[in-house]
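Below: one structure, written as structure tokens.
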Amino acid sequence: MPTDRAAALDLLNEHVKNQNMLKHCLASEAVLRAIAARLGEDQEKWGLAGLLHDLDVEDTNADMTVHGVKAAELLLSKGWPADIATAVRMHNEAASGAKRSDKFHKALAAGETITGLITATALVYPDKKLASVKVSSIVKRMKEKSFAASVDRDIIRECEDIGVPLQEFAALALDAMRGISDRLGL
């Protein structure tokens, strides 16, 4: 049963070719590891779910009616643990056919979603670097619906359902992404 990062990266690179999507997956992994650490959960498992959550995005042409479901099926067929596959399926409620209720599922959805808001925030700075981003800017951008309009703020707010206030969640995610800023090009 594959459960290590090298196997996850091999599988991800086999199915995802877009460099920006790969960076998003790396950012999601870092954020999920940080959330797991904050909540006393399994950092490896949560990180792998973050890394693999968009495994099927290119195979499905980002069709939100099947995205996540196909990734979960692929993970199960390759022998990945069911809890990781389920979290990957549940990060997209529209296709999963169910509401997120599990802490792991909410963390994955909120964590992978905030990476888009943080990246968009960094890109409006002159140097386009995460080092320049302030937590207050991320929280402010949460209120600006026209900024990074495709980022679902309600999903990010699910962080509060798992016991992490928005301000702290933004700080945690930003710090996690800064930790790999060289790999993200930010």
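The values are calculated or read from the model by the stated rules, or taken from the named source; none is laboratory data. Just so it is clear, the structure is predicted and the values come from calculations on it, not from any experiment. Note that each Cβ is placed from the backbone with ideal geometry, even for glycine, and that neighbours are counted across all protein chains shown. All accessible areas refer to the heavy atoms of the entire protein, side chains included, with ligands and DNA or RNA removed. Shrake-Rupley method; radii C 1.70, N 1.55, O 1.52, S 1.80 Å.
Selection of the stretch 85-139 for residues being assigned to a helix (DSSP H, G or I) and modelled with pLDDT under 95 yields GLU93, ALA94, ALA95, SER96. I'm checking my understanding of the structure. Among residues of the stretch 1-39 that are touching a Phe, Trp or Tyr at 6+ places or on another chain (Cβ under 8 Å) and at pLDDT below 95, which one is nearest to SER181 (Cα to Cα)? Going through the qualifying residues, I end up with THR3. For the stretch 125-179, enumerate the residues that are over 27 Å from GLU41 (Cβ atoms) and free of Cβ contacts under 8 Å to residues at least 12 places away in the same chain. Within the stretch 125-179, TYR125, PRO126, ASP127, SER132, LYS134, SER136, LYS140, LYS143, GLU144, LYS145, SER146, ALA149 qualify. The numbered conditions (1) assigned to a loop (DSSP other than H, G, I, E, B); (2) crowded, with 21+ Cβ neighbours inside 10 Å; (3) under 18 Å from the mean Cα position of the chain (by Cα) are all true for TRP80 except (3).
When the stretch 45-77 is filtered for residues that are in a helix (DSSP H, G or I), open to solvent by 70 Å² or more (accessible area, probe 1.4 Å) and not charged (D, E, K, R), the ones remaining, listed by number, are LEU76, SER77. Pairs meeting the criteria (first residue in the stretch 33-44 and open to solvent by less than 50 Å² (accessible area, probe 1.4 Å), second residue among the charged types (D, E, K, R), beta carbons under 8 Å, at least 6 apart or on different chains) are ALA34/ASP175; ILE35/GLU41; ALA36/ASP42; ALA36/LYS45; LEU39/LYS103.
Specify the residue that is least open to solvent (accessible area, probe 1.4 Å); the eligible residues are those in the stretch 140-166 that are of a type in the set (Lys, Arg) and in a helix (DSSP H, G or I). Across the stretch 140-166, the extreme among qualifying residues is ARG153. Every residue in the stretch 172-186 that is closer than 14 Å to ALA131 by Cβ and not acidic (Asp, Glu), please. Result: LEU174, ALA176, MET177, ARG178, GLY179, ILE180, SER181, LEU184, GLY185, LEU186. Looking across the stretch 1-32, the residues that are among the aliphatic types (A, V, I, L, M), open to solvent by less than 40 Å² (accessible area, probe 1.4 Å) and free of Cβ contacts under 8 Å to residues at least 40 places away in the same chain come down to ALA7, LEU22.
How many of the residues in the stretch 86-139 are open to solvent by 10 Å² or more (accessible area, probe 1.4 Å), in contact with a helix residue (DSSP H, G or I) (Cβ under 8 Å, 6 or more places away or on another chain), closer than 19 Å to CYS159 by Cα and among the small types (Gly, Ala, Ser)? Adding up the residues that qualify gives 3.
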